[in-house]
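Okay, structure first, notes after.
Every read-out reported here was derived from the displayed coordinates using simple, explicitly stated rules and does not represent laboratory data. Being a predicted model, the structure only gives us computed values, none of them experimental. Methodologically, a virtual Cβ is constructed for each residue, glycine included, from the backbone with ideal geometry; neighbour enumeration extends over all protein chains shown.
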There are 2 protein chains.
Amino acid sequence: MMPKPSAANQNPSVPKSDVVYRILKRAILDQAFAAGTKLPEDSIGERLGVSRTIVRQALARLNGEGLVELRPNRGACVSHPSVEDGHDIFVVRRALETLVVDSLIGRLTPPKIEALEAHLDAEDKARVGDPSTSIHLAGEFHVLLARLTENAILSRYVTELVSRSSMILSLYGRPHSSDCAVSEHRTLIAALARNDREKARELMGHHIEAITVRALLKSKGEDDLAHLLAAYAREEGL
Amino acid sequence: MMPKPSAANQNPSVPKSDVVYRILKRAILDQAFAAGTKLPEDSIGERLGVSRTIVRQALARLNGEGLVELRPNRGACVSHPSVEDGHDIFVVRRALETLVVDSLIGRLTPPKIEALEAHLDAEDKARVGDPSTSIHLAGEFHVLLARLTENAILSRYVTELVSRSSMILSLYGRPHSSDCAVSEHRTLIAALARNDREKARELMGHHIEAITVRALLKSKGEDDLAHLLAAYAREEGL
DNA sequence: CTCCCGTTTAACGTATACATATTGTCTTTG
DNA sequence: CAAAGACAATATGTATACGTTAAACGGGAG
């Protein structure tokens, strides 16, 4: 049996903890680990050929981003956000992505617009291919948009929210909803390109709302076992 | 010399790394450490009576919140945000705090309003006392407001932004600017209490803008030595 | 006197070892 | 038979040790 999954020793100039962080993050977002899955430091470290120290750091970081829950003395597990968490996330996301649009108006240089359109093309191409890639690109679109504002904090927050949105979508969304319609992205970019602030804001608002509906649609009182039980327990006075 | 600063061993049910995290965070926000101060794991651990492991975790967490800069293989130091960072922070803060107001309208129960007014009274009392306490309370007001939305993500972001704002203020603000005028907080709460959404939004917007001006006022081309040097260097083609 | 390069030193990155807390199970007892 | 307590297994919390990197220093050549 091979001691490591693949890839020989990487350049040590990139800390291992970063590598493990990315691996775990990707695994979680790709739903390789279902929500609630326990993430023991030992097994992960052994599987990845690193010590617990590294895994621990990665888990702490993921916890900071809301992807991993860290229960003291009880181990880490993949986050299982509630429907309420979902609402909270999308409410904040709408505010911040509207700010993204605002920040971008009047500051989108031609090369930036090109980058965006290149991304749209990629999204289109992926639409007929791997659905996993398609979903990933749809999220990346929003991340790219945020990054173009050159506002580091805004970019970081949007990135985090997009990640968590994708968790919400996988938990409560339609089985194979295509996340974001590419056409909505296109019309938004068009409005941005002609510096139509009001239209762009409106489009982004509607777009996020559409995503919200898709992500939380299935949630009309099903599937969120923990949440339902909590409701019943409350009725019983527990 | 005493091996530990004070306080006997605490309950081990609260992880030491949390304690160290809070100590360092407070120290940074109280400006006990100036911006740019190096934070070597060894010395801090020795001083606090914990191992490097603990300090390391705390530093990583602070880095995640933007209070500490973590240069690979070169150690950690207190963040030294630029004026541009300051602008970025306040832009996002305005968007999110406006969202806070929006979320609160129509949902402020009497006990919540009482809590807010109690805080305002505390702010008033502190105004004549310790200026450090006063500044701290002014920030806490915004944190409290955000927490009352019961939106965990929103609350976390606002808390983080308030922390970073205080760093900006200490770096670029007027020497003894009183951060937030308590009166601005009072009028805002009044508007919230009578569910006047438009007025409350407007007041919050103006308030954040006022804070922004106070925090970045001194920055008209002075004090930010590194930034200025960088500008000159750029002119000289360096 | 200045610049370059090998040496030194301090600090980080990582692994490992020990201590401790929690969970599930088994036994015992009413 | 059910419930309470003890024990073992598992996994985390923390400390320490080792290897390596990068900044600091000092000597020699130009």
- Message: Please give the Cα centre distance for region A:12-51 versus region B:108-125, rounded to the nearest Å.
- Response: 45 Å
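For B:LEU188, A:LEU116, what ranking results if the residue with the fewest other Cβ atoms within 10 Å of its Cβ goes first?
If I rank by nearby Cβ atoms, fewest first, I get A:LEU116, B:LEU188.
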- region A:70-90 scanned against label point 7 Å out from A:SER43 along Cα→C-beta; backbone N under 19 Å for A:70-80
- Message: How far apart, in nanometres, would the label points at A:ASP18 and A:ILE113 be if each is projected 7 angstrom from Cα along the Cα-to-Cβ direction?
- Response: 3.5 nm
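Tell me, what is the FRET efficiency for B:ASP196 and A:ASP102 to the nearest 0.05, using R0 = 30 angstrom and their Cβ-Cβ distance as r?
Values: r = 24 Å, r/R0 = 0.81.
It comes to 0.80.
Mind putting a number on the dipole of region B:16-78 about its Cα centre? Charges go on the C-beta only, +1 for Lys and Arg and -1 for Asp and Glu, and I need it in Debye to the nearest 20.
Values: 11 positive and 7 negative charges, 14 e Å.
Once rounded to the nearest 20, the dipole reads 60 debye.
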- In debye to the nearest 20, how big a dipole does region A:83-219 give about its Cα centre with +1 on each Lys and Arg Cβ and -1 on each Asp and Glu Cβ? 80 debye
- So what are the ³J(HN,Hα) numbers for region B:163-170, from phi and the Karplus equation (6.51, -1.76, 1.60; θ = phi - 60°), rounded to whole Hz, Gly and Pro as x? 4, 5, 4, 5, 5, 4, 4, 5
- If the cut-off is 17 Å between C-alpha atoms, which aspartates and glutamates fall inside it for A:LYS199, apart from same-chain ones fewer than 8 positions away? A:GLU97, A:ASP102, A:GLU184, A:GLU209
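What is the extension gain from B:ARG186 to B:GLU140, computed as 0.36 nm multiplied by their sequence separation minus the C-alpha to C-alpha distance, in nm to one decimal?
On the way: separation 46, 0.36 × 46 = 16.56 nm, distance 1.42 nm.
Once the chain is fully extended between B:ARG186 and B:GLU140, it gains 15.1 nm.
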- Query: Which aspartates and glutamates does A:LYS25 reach when only Cα atoms under 16 Å apart count, and residues fewer than 8 places away in its own chain are ignored?
  - Reply: A:GLU41, A:GLU65, A:GLU69, A:GLU140, A:GLU160
- Where does each of A:ILE23, B:ILE135 land when they are ranked from fewest to most other beta-carbon atoms within 10 angstrom? A:ILE23, B:ILE135
- Message: Principal axis extents for region B:46-108, Cα atoms only, whole Å, descending order, please.
- Response: 51, 30, 17
- If the label for A:ARG52 sits 7 angstrom from Cα along the Cα-to-Cβ line, what are its distances to the same label in every other copy, in nm to one decimal, shortest first? 1.9
